[in-house]
Amino acid sequence: MTAQVIDGKAIAQKVRDEVKEKVAARVAAGKSKPGLATVLVGENPASEVYVGMKKRMCEKLGMESFLYTLPTDASQEEVESLVKKLNADPAVNGILVQLPLPDHLDEEKVLQAIDITKDIDGFHPINIGRLAQKGRESLFVPCTPDGCLYLLDEVGAKLEGANAVVLGRSNIVGMPMALLLVKRNATVTICHSRTKDLPAICREADILIAAVGRVEMVKKDWVKPGAVVIDVGTHRVEDETKEKGYYLTGDVAFDEVSEVAGWVSPSPGGVGPMTIAMLMRNTLRAAEIQDGE
Ligand code: NAP
């Protein structure tokens, strides 16, 4: 079998086009442009790249973006008081605190300070708590797992009753992904660093989500024939034989897994573009919620 490739770039483009259209319609109706405020604490080259991408994407889609930078040694109080100021600012519809924060800061407390109607990352304990509860809906779902779910729906993956295996249990990807799949009536197994015999568990998966942060860990013999495999991992591997001196890859050994899976998302070009598209969608949704829609 040769897997079909899930084109995250094209699917993300579709999501962005929809957002752009809705933003234009809002503005034409005399409403404000949705505004995204990003809080960046300290100097982290990767975070600076992500923040720049989000800013450019806001501009492309007709939204406002505001960047607030604080020094590495900013105190807990300073970060929280900035978040509170943004909570009260009507031009700001969504607040994103770029993670990771410097070690001396209490990430949970900072995230808790965000008004839940502006929590476009969906990391506020109330939003995550609602995701975990039956019959409740969070206002916002974390963007990366939401993007994975969107990809699964786009390829018509049957979730109800399916065996889904999530590799990884982080707060930002693995755990909310598992909760989303349970909400969609999949039977979910969550794996982590203490799980025994990962390959055997993965081989039972109709849906396999790899969010483990290990270069090409998921091999061909881990995958059930015909399974849908979503690769969340993003890695830059140094390689002098490449023109740039490195190559990008994911948590899945793409070429060999493609020989057995039914569908597979590549990395790069799969989940990455979806994450930012879902963030833009959440920012628009935040503006709508704050308008009482
Ligand atoms: P993380 O916080 O480091 O979590 C990794 C998870 O994998 C943990 O639950 C860990 O288990 C588990 N794990 C690590 N090594 C393992 C092993 N050898 N066997 C089994 N489980 C293992 O990572 P993350 O933030 O969730 O990110 C995961 C990957 O996705 C990374 O490559 C990251 O760069 C990428 N990512 C991509 C996007 C995107 O937009 N494309 C967004 C976010 C993250 P324990 O809990 O037991 O430690």
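The values are calculated or read from the model by the stated rules, or taken from the named source; none is laboratory data. What you are looking at is a predicted structure, and each value in this text was computed from that prediction instead of being measured. Heads up, the Cβs are rebuilt from the backbone with ideal geometry, glycines too, and the neighbour counts pull from every protein chain shown. When the accessible area is computed, the model is the full protein with side chains, heavy atoms only, and any ligands, DNA or RNA have been set aside. Shrake-Rupley method; radii C 1.70, N 1.55, O 1.52, S 1.80 Å.
Binning all Cα-Cα separations of region 1-85 at 5 Å, short to long from zero, yields these whole-percent fractions: 3, 12, 17, 16, 16, 13, 11, 8, 3, 2, 1, 0. Of the GluC sites (Glu not before Pro) found in region 155-255, the ones in coil according to DSSP and having at most 10 other Cβ atoms within 10 Å of their Cβ are Glu160, Glu240, Glu243. Residue ranges 180-188, 274-282 sort as 274-282, 180-188 when ordered by packing (mean number of other C-beta atoms within 10 Å per residue, highest first). Expressed as a fraction of 2.2 N^0.38 Å, the value expected for a compact globular protein of N residues, the C-alpha radius of gyration of region 208-263 is 1.18. Label-to-label distance for His104 and Val5 is 4.7 nm, based on points extended 7 Å past Cα in the beta-carbon direction. Of all DSSP-defined beta bridges confined to region 203-293, some 35% are antiparallel rather than parallel. Relative to the Cα centre, the charge distribution of region 112-160, modelled as +1 at Lys and Arg Cβ and -1 at Asp and Glu Cβ, gives a dipole magnitude of about 220 debye. Under the convention that each Lys and Arg Cβ holds +1 and each Asp and Glu Cβ holds -1, the size of the dipole of region 36-119 around its Cα centre is about 480 debye. Expressed as a whole percent, how much of the Cα-Cα distance distribution for the chain exceeds 32 Å? Percentage above 32 Å: 27. Relative to the compact-globule estimate of 2.2 N^0.38 Å, the Cα radius of gyration of region 31-123 comes out at 1.02. The distance linking region 248-293 with region 41-119 is 21 Å (Cα centroid to Cα centroid, whole angstrom).
For the chain, the per residue solvent-accessible surface stands at 49 Å², with DNA, RNA and ligands left out and a 1.4 Å probe.
Each stretch of four or more DSSP H residues adds -39500 (n - 2.57); spread over every residue of the chain, this sum gives -12000 deg cm²/dmol at 222 nm. Peptides 25-31, 283-289, ordered by how many other C-beta atoms sit within 10 Å of their residues on average, highest first, read 283-289, 25-31.
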